[in-house]
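Take a look at the structure below.
Values quoted throughout were computed directly from the atomic coordinates according to the rules given, and no laboratory measurement underlies them. All values derive from a computational prediction rather than experimental measurement. Note that we place each Cβ from the backbone using ideal geometry, even for glycine, and neighbour counts take in every protein chain shown.
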Amino acid sequence: MTVGEPVYSTEDFSAPAMVEGTAHVVAVEGNMAWLVPETGSSCGGCASASACGSKGIGTTASRLEARRFQLVNDVGLRVGERVVVGIRENTLLRASLTAYAIPLATLLSAGALAQWWFGSDLATMLAMFAGLALGLWLARLGAGRLLVRGELAPRFIRRASPGETCN
């Protein structure tokens, strides 16, 4: 390639990158389909397996029930079908920052300010507790905004081909 030569790419920059996963259609009610995400072969092996539901407390049925989600059924999905759903990468990043960074930032900021202002460990601990409570409240407001705008809802991408698994 020389300077000034056009660069050709097959990558489509018009559509946002999606994080994809496969799911089973378990019920159809009107124009809504209920889906349960499939767990991949690597699921259950990470440090947060008990929190995500792959090895949580309770029966398998209760764990799957807790992970069910709705999807607008405008493509005629039927019970038993496997589909690929996705959520935009930037939405996933925004939701993660909302859930984790806001409470952590308010906790640490409140603790640092209290330590600088009062110089007392008790005051610092109380301020950190208050900062965490404030951060969780702010995160809840931020998550509510994302939810109202519909950004947290997974999108139908395609029907899964036989043998297709989550990457």
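A simple spin-label model places the labels of LEU141 and ARG78 4.9 nm from each other, with each point 7 Å out along Cα-to-Cβ. Between LEU93 and VAL26, how high is the FRET efficiency from 1/(1 + (r/R0)^6) when r is the Cβ-Cβ distance and R₀ = 30 Å? Nearest 0.05. That gives a FRET efficiency of 0.55. Ranked by the mean number of other Cβ atoms within 10 Å of their residues, highest first, the peptides 71-78, 129-136 fall in the order 129-136, 71-78.
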